[in-house]
1. Based on what the data block shows, is Trp27 assigned to a helix (DSSP H, G or I), at pLDDT 90 or above, closer than 17 Å to Pro93 by Cα and in contact with a strand residue (DSSP E or B) (Cβ under 8 Å, 6 or more places away or on another chain)?
2. Can you tell me how many residues in the range 86-105 are modelled with pLDDT of 80 or more and farther than 16 Å from Arg53 by Cα?
3. Could you look through the range 70-108, keep only residues that are over 15 Å from the mean Cα position of the chain (by Cα) and among the small types (Gly, Ala, Ser), and pick out the one that is surrounded by the most Cβ atoms within 10 Å (Cβ to Cβ)?
4. Could you grab the pairs with beta carbons closer than 8 Å, sequence gap of 6+ or different chains, first residue in the range 52-69 and surrounded by fewer than 24 Cβ atoms within 10 Å (Cβ to Cβ), second one polar (S, T, N, Q) and outside any strand (DSSP E or B)?
5. Scan the range 97-108 residue by residue and report those that are closer than 19 Å to Glu47 by Cα and either of a type in the set (A, V, I, L, M, F, W, C) or not in a strand (DSSP E or B) (or both).
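The values are calculated or read from the model by the stated rules, or taken from the named source; none is laboratory data. These numbers come from a predicted model, not from an experiment. Ideal geometry is used to build each Cβ from the backbone, glycine not excepted, and the neighbour counts take in all protein chains shown.
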Amino acid sequence: MAATHANGRPARILWGNLAWHPAVAAWREFARDAPTPECIEVLKKGERCAVYRLVGAGRGGAPIIAWCSRRTRALALRTIYEKVVRRLSTRAPRFRAFRADSTGFAWLFLEEVGGGGA
């Protein structure tokens, strides 16, 4: 069964040295000098999709949303955030990076605007 957030709260929070986490490793391939997150909030974790909030890993400590899903879905989301969402609202998450891997999955990274977190 997938862990999902309810009422805006993460299903789980990871603490400690988080450099080992796949979301952090993928983010650091794009943002090599990014700090290790203060914590990782698990927003959704399933077989086909996982969504994490990397607290403190973005510019100026902004949270980064790391979304891992099948490559085709991630490409569609990338297009939506790059072409549509950025024009709709200044409060919408900002597209930061996309990284596909050899397993058919891909990471989409979004920077939260105006903070966030638990």
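1. On the way: assigned to a helix (DSSP H, G or I): yes; at pLDDT 90 or above: yes; closer than 17 Å to Pro93 by Cα: yes; in contact with a strand residue (DSSP E or B) (Cβ under 8 Å, 6 or more places away or on another chain): yes.
Spelling it out, Trp27 is indeed assigned to a helix (DSSP H, G or I), at pLDDT 90 or above, closer than 17 Å to Pro93 by Cα and in contact with a strand residue (DSSP E or B) (Cβ under 8 Å, 6 or more places away or on another chain).
2. Matching residues across the range 86-105 total 7.
3. Ala76
4. none
5. Ala100, Asp101, Ser102, Thr103, Gly104, Phe105, Ala106, Trp107, Leu108
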